[in-house]
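Below you'll find the structure, written out as structure tokens, and then a few comments.
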Amino acid sequence: MAAQCVTKVELTIACTNLLDKDVGSKSDPLCVLLQNTSGQQWYEVDRTERVKNSLNPKFAKKFLIDYYFELVQKLKFGIYDIDNKTFDLSDDDFLGEFECTLGQIVSSRTLTKPLVLKNGRPAGRGSITITAEEVKDNRVVVLEVEARKLDNKDFFGKSDPYLEFHKQTGDGNWVMVHRTEVIKNNLNPVWRPFKISLNSLCYSDMDKSIKVECYDYDSDGSHDLIGSFHTTMSKLKEASRSSPVEFECINEKKRQKKKNYKNSGIVSVKHCEIIVECTFLDYIMGGCQLNFTVGIDFTGSNGDPRSPDSLHYLSPNGVNEYLTAIWSVGMVIQDYDTDKMFPAFGFGAQIPPSFQVSHEFPLNFNPSNPFCNGIQGIVEAYRACLPQVKLYGPTNFSPIINHVARFAAAATQQQTASQYFVLLIITDGVITDLDQTRTAIVNASKLPMSIIIVGVGGADFDAMEFLDGDNGVLRSSSGEPAVRDIVQFVPFRKFQNCPQEALAQCVLAEVPQQVVNYFSTYKLQPPKNPA
């Protein structure tokens, strides 16, 4: 049975007294959230923004987590001082971490604990405060804001303005809920449109006070207040492009000093719209099917299947890394597919009867009906196919990606969030048609599909890491960028000594967000409204 998702929980993170790792200025921290599978394997769920020059950061970005009452959900919060542009954290200074369960956080509501180093010793006087809120509302506010005639705070050039939005808690404190980007050297800035949940902005209360502050950004962390104002969602909602809602930005200190003080500029809200955003479960409960396809690498580099050192060798109990990966991922995903009929393909082998090389052949050798009945059906088709094919090459991924993409493209005709495709490719690594594969992935990024690549064996998987867009945007050979990151790569060996479900939890971690991103980008609703 699938674990029942009880509710969504939003976690807000703040730290105090962090270690200072920067010479001449203060640390530039960010917080990364890791979740533990049932083994010892941690995987990254999300990370906050980086706050410059601060040992007491309050992070604006919230972590959104599904809270499962019946699971022990282990979490680890890692704080890093970021001094470069790379996504990888191993080259950044580690400022401390804290490990707990989600249950501990929600039962305390606010948890403040000391940060520790990797050896378990205290990270100086550093501490972390985690505040949990249940999210009961999936309405989201879309805002477009600009300003004009802001005060100039800089001797050289003009102010570098940004806005901060704050909401008031029950005990009267103000909590920052959103920070815009900084617009350099401009007293009439136009900020990028942004989205924020209605609950984050004002506890979904249309008349609750919202405080907006406008600051001049300084790289040393000493940002100057230009001015501020208060408003409510009821007021913001009146904004339209033809008649924006405008506010005078007031700087109290300046107002008291200057006799004829008017304001420190005008902030203009030209668009404010409330939309409802569907969650992954809204799509699933609303009738969206996840279609699961498997592609298996039958190239010569795997080794002769009859030899015990081959990756395709079936051990006496009938398993190998390929089958373990199919079971692990398939067992989770099959719950989301009603007919449980899964197409399964091989590539890179010479196949009977003529022993031509094929880069896309059905494991059951039936092109008109490549479907296997359940995960067990895929396993049986694989075992039956193995002695009949000759392992060959090269290792071409693009034919099978393009094959699934044709079905995903056909599904887009339905104009609803009815189908999403997940392709699992299991490979021993060295990819031959890298350029064609990059182009295939970039094209697929516009379609309702995700690609999971599991690398078996001990090969060099650098090319696979490159296809997984975590380190930056993947581009096709002609330079076209992927519109979203749809590839998740995991080396199987990392999970060798973990429970079976650990691999699936890691490779499937990004799929729900990929599903939501695709359907919300194209404004597709679930086929039926969940009750």
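Details
- Each of the peptides 257-269, 430-442 was scored by the mean count of other Cβ atoms within 10 Å over its residues; in descending order, highest first, they stand as 430-442, 257-269.
- By accessible area, using a 1.4 Å probe on protein heavy atoms only, the chain has 51% of its surface on carbon and sulfur.
- Counting heavy atoms of the protein chains alone, Ser243 has an accessible area of about 60 Å² for a 1.4 Å probe.
- Region 332-375 and region 441-485 have Cα centres lying 23 Å from one another.
- Alpha carbon centroid spacing (whole Å) that separates region 234-248 from region 192-220: 15 Å
- Label of the coordinate-derived value, P(r) over Cα pairs in 10 Å bins from 0, in percent, listed as [x] 3, 16, 24, 24, 17, 10, 4, 1, 0, 0; [y] 3, 15, 20, 18, 15, 13, 9, 4, 2, 0, 0; [z] 3, 14, 21, 22, 18, 13, 6, 2, 0, 0: [x]
- For the chain, the solvent-accessible area works out to 47 Å² per residue, with a probe of 1.4 Å and every protein chain left in place.
- Helical content alone sets the calculated 222 nm signal of the chain at -5500 deg cm²/dmol, taking -39,500 (n - 2.57) per DSSP H segment of four or more residues and averaging over every residue.
- Region 273-309 and region 83-141 have Cα centres spaced 31 Å apart.
The values are calculated or read from the model by the stated rules, or taken from the named source; none is laboratory data. These numbers come from a predicted model, not from an experiment. Positions of Cβ are generated from backbone atoms using ideal geometry, with glycine treated the same way; all protein chains shown enter the neighbour counts. To get the accessible areas, we keep the full protein, side chains included, count just its heavy atoms, and leave off ligands, DNA and RNA. Shrake-Rupley method; radii C 1.70, N 1.55, O 1.52, S 1.80 Å.
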